[in-house]
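What follows is a set of notes on a single structure, which appears directly below.
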Amino acid sequence: AVYGSSIVINSSYRYPECNNKAGGARRSQHLAGRAIDISFLSRVAHENFISDVVNRDYIMKIIENSGISGIGLYNSHIHIDTRKGNLVIFDKRASLKSIEYNGECEH
C-alpha cells in the first residue's frame, strides 16, 4: 500500500443515461467500459496521489508502464482510463466543483 489507504471504486461502465446523471462527457471512456473512478478513504492519500501525478513522482513510473492512458484529477475522486493513444492527464480540481457521484443509477 504505497499510500496507506484503501480505495473505493465509485464508477466503472456507465450506460448513457447513467453517464449523463453523473455529469460525464458525451464521449466518456466510461461508456466504452474503459474507465473507473476511484476514491481513497484517506484524504491525505488522495492529496499525496495527486501530488505524485502532478510532480511526476514515483506513481508515474507505475502508471506509464501499466496500460493506463488517462488520469483525471478531481476534488472528490480520481479518474483512470485506458483510452487509445498517449497518456493524458487532466486536472479538474480548480476548474469545476467535482460532482459527488456515488456510482449508482436507477435502471
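Observations on the structure shown:
- Here the range 32-50 is scanned for amide nitrogen atoms under 16 Å from the site 7 Å beyond the Cα of ILE68 along Cα-to-Cβ, giving 34-42, 45-50.
- Angle between the chain longest axis and helix 43-54 axis [Cα atoms, degrees, rounded to 10]: 80 degrees
- Computed from the Cβ-Cβ distance with R0 of 30 Å, the FRET efficiency linking ILE9 to ASN55 stands at 0.75.
- A crude spin-label estimate for the pair VAL2 and ARG26, with each label 7 Å from Cα along the Cβ direction, gives 3.5 nm.
- Percent carbon-and-sulfur accessible area, the chain, ignoring ligands, DNA and RNA, probe 1.4 Å: 50 percent
- Across the chain the C-alpha pair distances fall into 5 Å bins from zero in the proportions 2, 12, 22, 27, 20, 12, 4, 1, 0 percent.
- Using the 1.4 Å probe convention, the accessible area of the range 2-98 works out to 59 Å² per residue with neighbouring protein chains retained.
- Note, ³J(HN,Hα) from phi for the range 23-34, Karplus 6.51, -1.76, 1.60, rounded to Hz, x at Gly and Pro: x, x, 5, 4, 10, 4, 5, 4, 5, 9, x, 10
- Taking the helices alone, the chain has a mean residue ellipticity at 222 nm of -6500 deg cm²/dmol, built from -39,500 (n - 2.57) per DSSP H run of at least 4 residues and averaged over all its residues.
The values are calculated or read from the model by the stated rules, or taken from the named source; none is laboratory data. Note that the structure is predicted; figures quoted are calculated from it, not measured. In this analysis, Cβ positions are derived from the backbone assuming ideal geometry, glycine residues included, and neighbour counts consider all displayed protein chains. Areas reflect the complete protein model, heavy atoms only, side chains present, ligands, DNA and RNA absent. Shrake-Rupley method; radii C 1.70, N 1.55, O 1.52, S 1.80 Å.
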